[in-house]
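The structure appears below as structure tokens.
The values are calculated or read from the model by the stated rules, or taken from the named source; none is laboratory data. Values in this document were obtained by computation on a predicted structure and should not be read as measured data. Positions of Cβ are generated from backbone atoms using ideal geometry, with glycine treated the same way; all protein chains shown enter the neighbour counts.
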Amino acid sequence: MSSTNRSDARDSHIADYYVTPKKAVRKLLEQFCSDENINLSTQQHIVLDPCAWWDAKNDMSYPAVLFEYWVNYNKIITNDIREDSPATHHKNFLLATEEEKYDIVITNPPFAIAQDIINKSLQVCKTWWYVIMLLRLNYFWGKVRQNFWKTNMPIRAYVHNRRMSFTPDWKTDSVEYMHCVWKKGENPKQTKLSLIFDF
């Protein structure tokens, strides 16, 4: 969801992908699990990354951190629309028929379809469980999502204290980022904001 070389019209939204820094993912999951009193090492939680991405130089950031720190390999479901990806599924997440079966849905959604990814993730997440999305902090602003926020207020917003680098040269863009957390079935009046120190 980086703003670098951004375009809102892309074939399959492939050009809208940017590698999420694993350090930011680690910091996010450590704080989230502490705040929500979740122990992912029990190996009972089913986690979906609906927009997983892999290439020759980068593995899938969220699954890689989950594999390394907490979750059993067989409990992570990864989806990449590209057939040559090592993801467990290769389909258009927005068009796929899915059941409400995931404990956590977590990803860095393509900017152009972020709202659609959030909506579908909330559909397939189990009630009382979590959807976590990397978004621009200014995603909260504007009238276009006003009705969505009224009925889908996130329980938490973890704001990263440093601008993320999504490129090998470690350069950053002009955007501040957060991981937004929804708990399906809850619609609080306010979102609890926490600052994550990535460095």
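Mind checking which residues of region 22-53 are in a loop (DSSP other than H, G, I, E, B) and within 30 Å of E83 (Cβ to Cβ)?
Q43, H45, I46, P50, C51, A52, W53
Does D103 satisfy being touching a residue at least 24 places away in the same chain (Cβ under 8 Å), of a type in the set (D, E, K, R) and touching a Cys at 6+ places or on another chain (Cβ under 8 Å)?
yes
Can you find a residue in region 114-137 that is within 18 Å of I155 (Cβ to Cβ), crowded, with 17+ Cβ neighbours inside 10 Å, in contact with a Leu (Cβ under 6 Å, 6 or more places away or on another chain) and without any contact (Cβ under 8 Å) to a residue 60 or more places away in the chain?
Yes; the residues of region 114-137 include at least one that is within 18 Å of I155 (Cβ to Cβ), crowded, with 17+ Cβ neighbours inside 10 Å, in contact with a Leu (Cβ under 6 Å, 6 or more places away or on another chain) and without any contact (Cβ under 8 Å) to a residue 60 or more places away in the chain.
Quick check: anything in region 141-155 surrounded by 12 or more Cβ atoms within 10 Å (Cβ to Cβ), out of contact with any strand residue (DSSP E or B) (no Cβ under 9 Å at 6 or more places or on another chain) and part of a helix (DSSP H, G or I)?
Within region 141-155, one or more residues are surrounded by 12 or more Cβ atoms within 10 Å (Cβ to Cβ), out of contact with any strand residue (DSSP E or B) (no Cβ under 9 Å at 6 or more places or on another chain) and part of a helix (DSSP H, G or I).
Looking only at region 92-109, which residues are buried (at least 22 other Cβ atoms within 10 Å of the Cβ) and assigned to a loop (DSSP other than H, G, I, E, B)?
Across region 92-109, the qualifying residues are F93, N108, P109.
Mind checking which pairs have a first residue in region 71-84 that is modelled with pLDDT of 85 or more and a second that is surrounded by fewer than 20 Cβ atoms within 10 Å (Cβ to Cβ) and not in a loop (DSSP other than H, G, I, E, B), Cβ under 6 Å, 6 or more apart or different chains?
N79/H89
Condition test on L66, is it closer than 16 Å to I117 by Cβ, in contact with a helix residue (DSSP H, G or I) (Cβ under 8 Å, 6 or more places away or on another chain) and either modelled with pLDDT of 85 or more or crowded, with 19+ Cβ neighbours inside 10 Å (or both)?
Judged against the criteria, L66 is not a match.
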